[in-house]
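Visitor: Questions regarding the structure given below will be posed in turn.
What follows draws every value from the coordinates through simple rules; no lab data is involved. All values reported here derive from a predicted model rather than from experimental measurement. Positions of Cβ are generated from backbone atoms using ideal geometry, with glycine treated the same way; all protein chains shown enter the neighbour counts.
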Amino acid sequence: MKTENQTFGAEFILLGRFQYGQMNKILFVAITVIFSVALMGNILIHLIRLDTPLHTPMYFLLNQLSFIDMMYISTTVPKMAANFLSNSKTITFFGCEIQTFLFLTLGGTEALLGFMSYDRHVAICHPSHYPVLMSKTICLSMVTCAWASSSINALIHTLYVFQLPFCTSRIINHFFCEVPSLMPLVCQDTSQYEYTVLFSGLVILLLPFMAILASYAQVLIVVYQMSSGKGQTKAISTCSSHLIVASLFYGATLSTYTRPHTLHYPEEDKVVAVFYSIITPLLNPFIYSLRNKEVMG
């Protein structure tokens, strides 16, 4: 197959999630509404900054999560929505590179979900040690660690992938640029590199997910020892909703980033990507914040 040198003037073509031309305007409206709801839900969480009593470690982490989700959904959905009304559906080489970097960075920073579960674990299982284990310094360290590690990981993968020789065909069978969707376009063996992607996925995605499961398991054990039935019901409801949204995000991303590209099926990948690129940022503000009476107050 012919290869083509990558230049900033080159373009990719995004096939998108749907191929129904007569429904483009309806799909544009639908995705715009979803995007607006997700954006407004996450913006509301930033009102926490106006309420001094809510300046606690838990709400500090929630604030960070809402900012990540706003950026996360803004990285992919506006371009996806614009493509419903566009005939070209192109994205520049540089634009694709930026989108891949941002998506990897923000996706990795969702590890804050793990830190939030740790916060609840400490608050319920070790309340007397909470001021020490969740001090302002430790919270800042958690957030800094999440941003730094995900940014470095994203930069390494983005720089490596976009220096690979792409084939003449620049058609990406996806609705945004991400590493797995770009692999079929590369005109050389990428099996060794895929081991690196697998390792990164296990560290960036699996470890936080395991931490979430372990934290909430301990919380549920402590809750079941409570004498208050109302407290048990509330804790179980909260933990279960948090586990569902975390499982949705991490299950979908692990499915995408821990498989070699030969086992990827574009139509299936696009459906799975909807869960971690659109549904999760939409659900997070409602699951983690807007069900909270203190936040709503």
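Visitor: Note the full-extension length gain between Ile244 and Met226 as 0.36 nm times their separation in residues minus their Cα-Cα distance, in nm to one decimal.
Guide: Value of the extension gain: 4.2 nm.
Visitor: At 7 Å along Cα-to-Cβ for each site, give me the label-to-label distance between Leu44 and Val29 in nm.
Guide: 2.4
Visitor: Between Asn87 and Ala214, what is the spin-label point distance in nm, taking each point 7 Å from the Cα along the Cα→C-beta axis?
Guide: 5.7
Visitor: Still on this structure, please answer the following. Using a Cα distance threshold of under 18 Å, what count of lysine pairs results for the chain when pairs must be 8 or more residues apart or interchain?
Guide: Lysine pairs meeting the criterion: 7.
Visitor: Around Phe175, which amide H atoms from residues at least 5 apart in sequence, or from another chain, sit under 5 Å from its own amide H, with H modelled in the peptide plane?
Guide: HN-HN under 5 Å from Phe175: Gly16.
Visitor: With the calculation restricted to Cα positions, what are the radius of gyration and Dmax of the range 73-126 in angstrom?
Guide: 17.6, 58
Visitor: Could you tell me the calculated FRET efficiency between Met71 and Ala10, based on Cβ-Cβ distance and R0 = 30 angstrom, to the nearest 0.05?
Guide: Numbers: r = 26 Å, r/R0 = 0.86.
That gives a FRET efficiency of 0.70.
Visitor: Could you check the spin-label model distance between Ser169 and Ser191? Points 7 Å from the Cα along Cα→Cβ, value in nm.
Guide: 2.2
Visitor: Rounded to whole Hz and in sequence order, give me ³J(HN,Hα) for the range 233-243 from the Karplus expression 6.51 cos²θ - 1.76 cosθ + 1.60, θ = phi - 60°, writing x for Gly and Pro.
Guide: 4, 5, 5, 5, 4, 5, 4, 5, 5, 5, 5
Visitor: Over all alpha-carbon pairs in the chain, figure out the percentage whose distance exceeds 23 Å.
Guide: 58
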